[in-house]
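Let me begin by presenting the structure, written as structure tokens, before commenting on it.
What follows draws every value from the coordinates through simple rules; no lab data is involved. Just so you know, these numbers come straight off a predicted model, no measurement behind them. Neighbour counts are summed over all protein chains in view; Cβ atoms, including those assigned to glycine, are modelled from backbone coordinates with ideal geometry.
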Amino acid sequence: MARRLGHISATANKDAASFDTLGYTAHDVSGALRREGVSATLTSLFPIEKMTAAEREREDALREGVDIRGGVMPVEVIRDASGKATGLKMVECDMKGMQPIAREGTEFVIECDIIVSAIGQMGDLAEGLAGLDNGKGFIAVETGYKVKGKDKHFAGGDVIRPHLLTTAIGHGRVAAETIGVYLKGREIEKRPKVDVHQFNLLEELHQRNLDPVKYEGGQIRGTADAKYAVHNFEDRSAAQIISHELLYKGHFPFVARNRRHERHVDSQNVIGDFEERIVAFSEEQARKEGERCMSCGMCFECDNCVIYCPQTAVARVPKKERALGRYVETDYTKCVGCHICADVCPTGYIQMGLGE
Ligand code: SF4
Ligand code: SF4
């Protein structure tokens with residue numbers, strides 16, 4: 001029985017497997033092998049407690065009967081006369097940074113007939129993409145995932161840095177945005193470390209036919225009633241993340257987190273069990289978890305500022321003029337700068353410009 005699973009580099013006729021990695025892919029492969037009834041050995045350059053895969057993954061693997069060996073590195077594939085793999089020669093090793101150093105004289109062989117290499121890969125750029133190769137099988141990028149030193153070229157995913165699928169999807173999204181900026185002839189700017197999605201008040205107003213009117217020029221005393229000015233709005237993009245210290249937590253009763261249920265499968269029952277180990281939320285659970293959102297940094301129309309302002313300086317914007325992000329307005333001729341509205345705002349949406 002010869003099998004092929006994932007990146008199998010050798011196959012033969014025994015029911016054992018071994019593969020070498022630091023993390024998640026090896027756990028996925030070993031878990032799949034156990035479910036197929038194969039005995040699996042998972043090896044890692046790092047000691048078991050320092051493997052980069054999550055502890056939960058390691059616990060699942062051990063429970064399901066995977067033999068995990070840490071602090072070892074592969075030396076050689078052992079083959080029989082026909083060239084088929086019969087084992088993997090290993091040696092114990094110590095890690096110096098990301099560099100494994102073999103301990104001489106500690107070699108041993110893991111007998112197996114399937115060897116899966118679940119280690120980091122690199123791109124095959126030879127066919128037409130050689131000009132993008134940074135010399136190490138990867139593509140080097142700069143701000144916005146533009147290829148370094150190349151106009152009109154953008155790249156993302158494992159070919160710039162092997163990581164998670166979700167990371168690659170994020171690269172694609174950011175690169176698409178950068179391409180838009182590039183096509184408009186604007187400069188590609190560095191992005192904030194955490195990419196928080198901001199609402200665009202002008203866009204919100206536009207959608208409601210509330211665009212500010214054109215400024216006709218000339219000097220006018222005061223703009224309180226001017227329809228060309230957007231009042232009570234500050235572009236918060238400079239302070240996108242509202243820290244928990246700025247929230248008024250007294251507003252929020254404690255609501256326990258909804259955790260996804262985990263199934264633990266033991267080695268006696270693992271064969272043929274392809275059900276999810278981490279059970280997805282039901283619609284009801286997902287809704288409840290969504291209700292825990294504290295709307296950090298975004299007005300959620302609670303009226304606290306209207307109620308608590310001692311000067312009655314804060315008022316609701318008339319209904320027909322409201323938009324997302326424009327629910328309340330302040331009359332600065334009444335405001336005495338007492339900070340009460342900012343203190344009672346549950347979401348940290350009100351920022352005072354009058355000092356601490
Ligand atoms: S700072 Fe004080 S007076 Fe001014 S709007 Fe806020 S609560 Fe009212
Ligand atoms: S600004 Fe803050 S306090 Fe005022 S309504 Fe919005 S969330 Fe509530």
The residue that is surrounded by the fewest Cβ atoms within 10 Å (Cβ to Cβ), considering only those in region 78-133 that are of a type in the set (S, T, Y) and more than 30 Å from L164 (Cα to Cα), is S82
Checked pairs for region 284-309, first farther than 13 Å from Y248 by Cα, second within 13 Å of ligand 1 (Cβ to nearest atom), C-beta under 6 Å and 6 or more apart or across chains, list as V306/V314; Y308/I340; Y308/V344; C309/C341
By residue number, the members of region 334-348 that are within 13 Å of ligand 1 (Cβ to nearest atom), in contact (Cβ under 8 Å) with a residue 60 or more places away in the chain and assigned to a loop (DSSP other than H, G, I, E, B) are C345
Counting only residues that are assigned to a helix (DSSP H, G or I) and either more than 20 Å from the chain's Cα centre (by Cα) or near ligand 2 (Cβ under 10 Å from one of its atoms) (or both), region 277-286 contains a total of 3
Condition set more than 14 Å from ligand 2 (Cβ to nearest atom) and of a type in the set (V, I, T), scope region 313-356, selection surrounded by the fewest Cβ atoms within 10 Å (Cβ to Cβ): answer is T333
With criteria (1) in a strand (DSSP E or B); (2) more than 30 Å from the chain's Cα centre (by Cα), G37 comes up short on (1)
Considering residues that are away from ligand 1 (no atom under 16 Å from the Cβ), assigned to a helix (DSSP H, G or I) and surrounded by 12 or more Cβ atoms within 10 Å (Cβ to Cβ), the number found within region 287-312 is 2
